[in-house]
Structures are given as structure tokens and as C-alpha cells.
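**Q** Would you mind keeping the following structure in view while I ask a few things?
Please treat every number below as a calculation from the coordinates, not as lab data. No experiment lies behind these values; they were computed from the predicted model shown. A quick note on method: Cβ atoms are made from the backbone with ideal geometry, for glycine too, and the neighbour counts reach across all protein chains shown.
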Amino acid sequence: MRDRSSWYQPVVAALGPWPEEHARTRPALLCQVELALRLMETVAPGHAADGAWTLLGGYGLAFARAAKLSVGEAEQVALAAARHLLWPMRRGRMWRQSLDAYLQLPERLRAYRVPAAGEPAYRLPLVVAADRFAAYDEALAHLPGFTVKPLEQAAAGEHRFMDRRHRRTSVTIPADLVRDPLPGHSLTTERPATAGPLDVPLSELAHVARWMDEEEWRRGRRAGNWAQRLNDLDLDTRDGTAFAPASALPLDRLTHLVGMVGAGKSTLMTLLAVWGHHNGLRTTLVVGDLAEQLTLTELFRGLGLSAAPIQGGTTRPQHTQRLHRRLAARGAHSLLAHTDAAFRHLSTACPLDALRALDTSEPLRYNDAPCGGLHPVRPAAHSGDAPDGLAVEHAVRALERARGAAGSRPPRTTATKRRSGAPRMPARCGVPVPATPPRVTSWTR
């Protein structure tokens, strides 16, 4: 994530006390709208202020070039920086609502005035925060830095966390499971420049296809017949207004591939990814569903290539269930027969589930896994070496519940003498044990 808030903090501080009648409009919104209007002054001077949102999305540079605007290196950096800093305003409705809220603020706080819809904004004399434009120009001069939030690694001992149902539970991590933190990768290290146009000869793709066939035969994997599939593929590229047979595939920014079902588009995509791996390039494949993603991951790893699927954490149980249903539709009705290799990427088991306290009789849901919510438990101070009798009784009863034994002893109660006229108080359990409602849980592989 990029840091989208540090740039306007000095301007917010310089604005001084915020008027109470405009408390619903945050000072940050004033800075964000004025940054967008400053971007319009830089990239599209004289254009309507209500169209600034078109420069904040992924096609801002394309729109600027289509409008015959002068876009140099400084303007390209400004567009990229504004896209990060003003990402919530990339929609037309959101931008217009923000601009309307900005125009409702008193002019002594604002730096711009917009006479009417469809007209450009022009500056006002600054009354407060007179150096705000220096902050705006600095924000548009370079890309914002990354937001870094270090995570403290859990140590050995007892930890507590809250599940999605706001129930407190604990887990004890043994010392032999604690490892040194893994070194992260630098977010600021420059990568080799590989963004230039590429011409991929079909002869090189044919060599890659033959290598894939040989590697699959050597590793005992199912044959993909890549050389034959590439031989059946006809590639025509557009030269001006007509298509003609080509011996190389040009890749320059955005390239569209059009073909009938089974024409070889997916085959070409797979061969290009392997070709890029052999040439030291990193390739990202965006596919339509998770099944195809896992199939490609297993294909690349089966060839000895480095590949990893990128999945969302919260939707993994749904993907696992879909894979189970897909296998059941093929005739594998028993879960014991679901041994597809894709399950290794869809595990829903939490390693901490087996380390929880003895009084937990239900498995931990995948969405309740405390990946970043463990809180260490401080040891309680006891007077003397003898353990508390109530704590021992509570531990014994918890162990009986975990083993399925019914508690035969009545709960201990304490009572105090009631004063005359004082309201009667209910008896308190020596150790309160909250009742846990029953829950139906389904296990997936």
C-alpha cells in the first residue's frame, strides 16, 4: 500500500481551527480536491473542473494523449502520483460529490473557485495555509512511498485472541515452533527495465514447446503435446488495416488476441509464460477462475519452473468447496477419493488449532485463524507456591468437558451476609464459565 495521507498533514495543520458548521467535511477532502485541481492546471489547463476524475483512473495518460494534451515526463509522474493519492475519486460520481462538498466551504479556506459546471477552476487569494501549493507540487513530483507496518512475531507461551463471534480463546505456542523471522524483500529496489516492446519469434516458441514435451516425458507427466498444438496454430498480425501471416508476435503495452474457441489463445499464453521464464522475465497470468489458475500452477511446477498462485485469503473455503463439488460431479462422491493435487494450494487447516486450550471442543474456522491477532498473556502473580484451589477445579472440570465427561459436582458458590434493607444479590460462581452455544462445523480437505 502507498502512503496516501502524509502529504496533506502539513496543510491540514496550517488550516487552523476547522469551522463547526462544516464538521461533516473533513479537512483532508479539501486537500484532495485541491490536489486534483492542481493536477488539472498541470496536465489539462483550461479544461472543465468536473472532468478531473478522468485523469485519476488507470487510463488517465491515455485520455490525456487522446485529448492532444502535452504530456511530458513530469506530467506522466504527476498522473501516476495522483492515481495513488486520489484513488477513491476516480469515479465520476464520487468526484462530483467531493467537488460539491468542497465548494460549500468558505472561500477563506479554499484555494479555488469554480464558477459553474463545465468551466475550469481558477485560483483565489490564499488567506490561510499560504504555502499549500508547495505541498501539492511536492506530492505530484514523485510517487508516494510505501506504508510499512512491521508485524511482531509471536513468542513462545500462551496467547489469546477473539474469533469472529467475539469469543475469547487461547493457544499455547511451544518454544520449538518459534523460528527466526523470515527476511522480507525490499520495496524500493529498482528492477531491471524490461518494459520495452518485445518481438517473440514463433521459432523460439517452437523450441520452448519441444522442451516442454521432452520435460514432461522425462518427469513422467501427462503429455501436453505442445509442439503439435503450436504447429496447429496460425498467427496473423495486423499491418495497417489488414491481417497477414506473421513469424513473430509483437508485444507492446496492450496487445489483443482474437480467435475462435480452440484456436490456440491459451496455448500461446502458456508458451509465452515459459518463454519469459527462460529469458529471465517475470510473467503474471490473469485467468478466469481458480481451477485454471491451479492447473497452470501445477503445470509450471511440474516442469521445474517457479510459479505461485495469488489467491484471496477470505474466499479460500469457498474455492475448496467448489473443487469438492467439481470432483463429486465427475463421480468421486466420497471425500476420501478427492486427492486432486490442487488441494495442496487450498488447505483450510490452521496449525494453531491443535495447540488451543483443552476446553475447546469445536474446530477453528478458517476465517477465525488469528494470523495477526495474537495477544500474549502475562503470568498472574500468586501469593506463595501453592496453586489456587478454584483454578485447579476449573482446569479439572474443563478437562472433563473436553473428554466428554459430565460434571458430577455442583458449582461452588460464595455468599455474603446481607445487611438489613440491602437488596438481595444473586450467588456468584467462584469461577464463571461462560456457556458456549453449539455450532455445526463442516471440515474440508
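**Q** Could you give the nm distance between label points at ASP176 and ALA14, where each point is 7 Å from its Cα heading toward the beta carbon?
**A** In this crude spin-label approximation the distance works out to 6.2 nm.
**Q** List the pair-distance distribution P(r) of the range 26-120, using every Cα-Cα distance, as the percent of pairs falling in each 5 Å bin from 0 up to the bin containing the longest distance, rounded to whole percents.
**A** Percent of Cα pairs in each bin: 3, 14, 28, 26, 18, 9, 3, 0.
**Q** Within the range 36-54, whose backbone N sits under 15 Å from a point 7 Å along Cα→Cβ of ARG96?
**A** 48-54
**Q** Going by average Cβ neighbours within 10 Å, how do the peptides 326-336, 206-216 rank, with the highest at the top?
**A** 206-216, 326-336
**Q** Using a Förster radius of 51 Å, what is the FRET efficiency between ALA223 and GLU362 based on their Cβ-Cβ separation? Nearest 0.05, please.
**A** That gives a FRET efficiency of 0.65.
**Q** For the range 198-284, what's the radius of gyration and Dmax over Cα atoms, in angstrom?
**A** Rg then Dmax for the range 198-284, in Å: 13.6, 47.
**Q** Provide GLU152, GLU362 in ascending order of the number of other Cβ atoms located within 10 Å of each residue's Cβ, fewest first.
**A** Ordered by Cβ neighbours within 10 Å, fewest first: GLU152, GLU362.
**Q** Then there's this: List, in order, the whole-Hz ³J(HN,Hα) value for each residue of the range 275-287 obtained from phi through the Karplus relation with A = 6.51, B = -1.76, C = 1.60 and θ = phi - 60°; use x for Gly and Pro.
**A** Once θ is set to phi - 60°, the couplings for the range 275-287 become 4, x, 5, 5, 9, x, 9, 9, 10, 10, 9, 9, 10 Hz.
**Q** While we're on this one: When the convex hull of the C-alpha atoms of the range 107-197 is computed, what volume per residue in Å³ does it have?
**A** 354 Å³
**Q** Can you give the FRET efficiency for MET162 and ASP236, using 1/(1 + (r/R0)^6), R0 = 56 Å, r = Cβ-Cβ distance, to the nearest 0.05?
**A** The value I calculate is 0.40.
**Q** Taking H as built 1.01 Å from N, whose amide H comes closer than 5 Å to the amide H of LEU124, not counting residues under 5 places away?
**A** Result for LEU124 returns TYR112, ARG113.
**Q** Describe numerically, in nm with one decimal, the distance between label points set 7 Å from Cα along Cα→Cβ at THR314 and at LEU251.
**A** Going from the THR314 label point to the LEU251 one covers 3.3 nm.
**Q** Could you list CYS371, CYS350, CYS31 in order of exposure, starting from the residue whose Cβ has the fewest other Cβ atoms within 10 Å?
**A** CYS371, CYS350, CYS31
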